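Notes follow once the structure below has been shown.
The values are calculated or read from the model by the stated rules, or taken from the named source; none is laboratory data. Small disclaimer: the values here were computed from a predicted structure and weren't measured. Ideal geometry is used to build each Cβ from the backbone, glycine not excepted, and the neighbour counts take in all protein chains shown.
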Amino acid sequence: MKCRICNHSDLKEFLSLGKSPLANSFLSKENLEKEEPEYPLELTFCTDCKLVQLTYVVSPELMFRNYLYVSSTSDTFKIHFTNMAEKISKDFNLNEKSLAVDIGSNDGLLLNGFKKCGLKTIGVEPATNLAKLAEQNGVETINDFFNGSTVKNIIENKGHADVVTANNVFAHVDNILEFTKNVGSLLKRDGIFVVEVQYLVDMINKMTFDNIYHEHLSYFTLTSLSTFFKRHDMEVFDAQRVDSHGGSLRVFIKKSEGKFDVNPAVNQILMHEKKIGVEDFKLYQKFADKVYGVKQKLTDKIGAIKIEGKKIAGYGAPAKSTTLLNFCRIGKDHLDYIIDENKLKQGLFSPGTHIQIVGPKILDIKKPDYILILAWNFAEEILKKTKKYADSNVKFIIPLPEPLII
Ligand code: JHZ
């Protein structure tokens, strides 16, 4: 195997979570008996460009043409993306003449924010169900992957872009080089490319190893990102740590000839990464050891609760719960059901573990003794809306960084 970014062949493997089904391949009842494809989940480290990456690439056609994740399901994200659109519009003086393109635009949440700020917008979304939903939400959307022909289509019909955004998309792309070249062709000379990616440093610090699944091919630090862009005529000129998904990086990139000065924050984060050893393989080996330890603690806790004859429900059926449940072998014998408010997931069954996904009303009918918060990144929002159950003695388990019962 060669590095997806720099083609180097000295890659060092450090973590295997075994084989897992695709994280968002929730099953209908009729498909429960059919064989489910599983693919290896192994992480490796490039000794040259320092990118941490998956060893096995699943075809994007299998993962992204029908997508159950809807950005607007959580209030937290509605606020996050609306604020992001407002901040970018204000900081970069964007107006009704400016064009914003969002790649992986989902239900149009971010672009709706840009529209409210007066910008012209267009989304690119490969999932047909989501592209339709975005159109219903009033956001013009091209239903395709982001590639040379979508770029040509946008330039011909809308012109070049002032801002291109890719939130939780960049890590999902196998051929990042081609993707980045296409972004470069779409942008105006002084246009900006803004990406949000889950931050590997947070994943290590907060032990959020459930974020490892087949959709996420790359696990970025600012070190690996800025090395990549520098080698391809672009430059990171600002970076911020943001809370999403247990810790992400929002990175601002310009063409090399673009006008923006590099913010000192970039160097500060790079220095911090050097200090904590992101270029050193030992950091990743230590992380892997800890992952196996957390798995043991969580399965011990869940096992002990079941021995007492108590009932446990899951809350949230995020993609990452597929990794957690399959890797920790938590299944139907442990969780009676999983609640998720996304209607597209309700009535389906969790990949690999076959636990039914239901709406929140079930809590009044089949009250559990414990709720395992699988969408731990929204623990605050979920705890708030389930307060009445906490008041009636239901306990909550937050699985990571270490299983905690509250
Ligand atoms: P959430 C997503 O992963 C998808 P996921 C994607 N693959 C990606 O890359 C990462 O983000 C970064 C539900 N919920 O956002 C909604 C409630 O039911 O953590 C969601 O199904 N009630 C693009 O899937 C799930 O939990 C609630 O009150 O891991 C959360 O999924 C709240 C707040 C959420 O992303």
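Of the residues I373, I338, I357, I398, which single one is without any contact (Cβ under 8 Å) to a residue 40 or more places away in the chain, within 12 Å of the ligand (Cβ to nearest atom) and of a type in the set (A, V, I, L, M)?
Just a single option satisfies the conditions, and that option is I338.
Exactly one residue among V169, V236 is free of Cβ contacts under 8 Å to residues at least 40 places away in the same chain and not assigned by TED's automatic domain parsing to the domain that holds E380, and that residue is V236.
Is it the case that S105 is part of a helix (DSSP H, G or I) and on the phi < 0 side of the Ramachandran plot? It is false that S105 is part of a helix (DSSP H, G or I) and on the phi < 0 side of the Ramachandran plot.
In region 371-406, what residues are in a loop (DSSP other than H, G, I, E, B) and closer than 15 Å to K206 by Cβ?
Those that are in a loop (DSSP other than H, G, I, E, B) and closer than 15 Å to K206 by Cβ: A375, P399, L400, P401, E402, P403.
The residues on offer are L22, L62, and the sole one that is farther than 24 Å from L283 by Cβ, in a helix (DSSP H, G or I) and not charged (D, E, K, R) is L62.
In this structure, is I79 surrounded by fewer than 14 Cβ atoms within 10 Å (Cβ to Cβ) and not assigned by TED's automatic domain parsing to the domain that holds F349? Let's see the steps before the verdict.
On the way: surrounded by fewer than 14 Cβ atoms within 10 Å (Cβ to Cβ): yes; not assigned by TED's automatic domain parsing to the domain that holds F349: yes.
Yes, satisfied.
Within region 303-320, track down each residue that is more than 12 Å from I371 (Cβ to Cβ) and more than 10 Å from the ligand (Cβ to nearest atom). Matches in region 303-320: G303, A304, K306, I307, E308, G309. Can you spot a residue in region 129-145 that is within 14 Å of V163 (Cβ to Cβ), of a type in the set (D, E, K, R), surrounded by fewer than 22 Cβ atoms within 10 Å (Cβ to Cβ) and not assigned by TED's automatic domain parsing to the domain that holds G316? For region 129-145, residues within 14 Å of V163 (Cβ to Cβ), of a type in the set (D, E, K, R), surrounded by fewer than 22 Cβ atoms within 10 Å (Cβ to Cβ) and not assigned by TED's automatic domain parsing to the domain that holds G316: absent.
How many residues does region 65-88 hold that are within 22 Å of E135 (Cα to Cα) and in a helix (DSSP H, G or I)? Steps first, please.
Just the residues of region 65-88 that are within 22 Å of E135 (Cα to Cα), to begin with: 65-75, 77-86.
From what is left, the residues that are in a helix (DSSP H, G or I) are 71-73, 75, 77-86.
Going through region 65-88 one residue at a time, the tally reaches 14.
Counting only helices (runs of 4 or more DSSP H) that sit completely within region 248-338, those holding 2 or more residues that are under 22 Å from A23 (Cα atoms) correspond to 281-307, 319-328.
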